[in-house]
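Just below is one structure, and these are the notes that go with it.
The values are calculated or read from the model by the stated rules, or taken from the named source; none is laboratory data. As the structure is a prediction and not an experimental result, all values here were calculated from the model. Cβ placement follows ideal geometry from the backbone for every residue including glycine, while neighbour counts extend to all protein chains displayed.
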Amino acid sequence: MATALTTQVCRTLGIPTPIIQAPIGSAATAELAAAVSRTGGLGTLALTWVTPQEAARRIRSTRRLTDRPFGVNLVLDFPVDHVLTACLDEGVPIVSTFWGDPASVHERVHAAGALHLHTVGSAEEARRAVDAGVDVIVAQGWEAGGHVRGQVATMALVPAVVDAVHPVPVIAAGGIGDGRGLAAALALGAQAGWLGTRFLNALEANTHETYRARVQHATESDTVYTRCFDGGWPDAPHRALRNPTITAWERAGRPGSPHRPGEGEVVATTPDGGSHLRYDDMIPTADASGDLEAMALYAGQITGLVTRPASAADIVTTIAAQAAGILGSEPPSPYHEGRSTTN
């Protein structure tokens, strides 16, 4: 059912609310994606680093939990052909891609009847993606958490991309953590908001309590744009919370591998036998144990707005209600979560 916030891209994606859960890596679960979609937004599964069989399993799990549209995300710097085949064989309606040439997969996505979204960090990259046939552009600002494509902030990037690719719809990513941010993105010409850091603290996310606590107690100035956590994804800048690994590396003069402090140390393990080294790009998932503070704690500059855990449904409905109040020129109710006193 359409709402006061429903935009053209919402109608294209088959959702009533312009809130999209970013593919937050290993923290994304079928439960999270389904809950976001059931509440009117668009949930997303991050499937780049799983087997085709596991991708199919997660898609089916999500579909058992919701009959609403949801998407999958693939990073094109990695070999994803077989995973993409599995996704398309399962009939996923929306495929989003990142960090590579969307033309390499676009024809397959469209031939399967799916919509193709692609994330960019500049207006020129957006033009190239549209030339490749992409249906929807995601403009990711520099303040976003996780891996960051460009170096332009959302406030400047979104209108530049909107003007560059009109009438192709644009979704804004980076720096959106509440209804004020969503309303601002829509005012800039975007047709939806793409939220990652806010959903890290969703109750349905596969996020370790240590990670949740760090996000909840961080401020907008506690993140670092860095290349520190490059194990598994080299040459890809990212934004993460400052931690002992980053601080020690910076104090040593930011040396390259293998000369970094603590290089090769196992800092965390998981019950499946996984061992994660100090500079790996892996986040602390709920089942991890060890020195979790030393791992990659990806987060965007909106961390100061994320002060308590909440269900995905609560996140979507609260943000949508505040944005609707602002854009409807009605005095919105104050939005402040209040600092959590527990982890």
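Report the residue count in the range 28-45 for those that are surrounded by 24 or more Cβ atoms within 10 Å (Cβ to Cβ), not hydroxyl-bearing (Ser, Thr, Tyr) and not in a loop (DSSP other than H, G, I, E, B). Within the range 28-45, residues that are surrounded by 24 or more Cβ atoms within 10 Å (Cβ to Cβ), not hydroxyl-bearing (Ser, Thr, Tyr) and not in a loop (DSSP other than H, G, I, E, B) number 7. May I ask you to verify whether Thr12 is farther than 21 Å from Val80 by Cβ and in a loop (DSSP other than H, G, I, E, B)? Taking the combined requirement at face value, the residue does not satisfy it.
Going by the structure shown, is Thr219 within 23 Å of Ala28 (Cβ to Cβ), polar (S, T, N, Q) and in a loop (DSSP other than H, G, I, E, B)?
no
Yes or no: the range 232-254 includes at least one residue that is surrounded by fewer than 19 Cβ atoms within 10 Å (Cβ to Cβ), in contact with a Gly (Cβ under 8 Å, 6 or more places away or on another chain) and not assigned by TED's automatic domain parsing to the domain that holds Gly196. Within the range 232-254 (the criterion being surrounded by fewer than 19 Cβ atoms within 10 Å (Cβ to Cβ), in contact with a Gly (Cβ under 8 Å, 6 or more places away or on another chain) and not assigned by TED's automatic domain parsing to the domain that holds Gly196), the answer is yes, since at least one residue qualifies. Among the residues here, Gly100 qualifies as within 27 Å of Gly300 (Cβ to Cβ) and surrounded by fewer than 16 Cβ atoms within 10 Å (Cβ to Cβ). For the range 2-33, the candidate set comprises residues that are aliphatic (A, V, I, L, M) and modelled with pLDDT under 95; within that set, the residue that is nearest to Tyr298 (Cα to Cα) is Leu5.
Of all residues in the range 180-201 being among the hydrophobic types (A, V, I, L, M, F, W, C) and either more than 21 Å from Thr219 (Cα to Cα) or outside the structural domain of Pro159 (by TED's automatic domain parsing) (or both), which is surrounded by the most Cβ atoms within 10 Å (Cβ to Cβ)? Looking at the filtered set, the residue picked out is Ala192.
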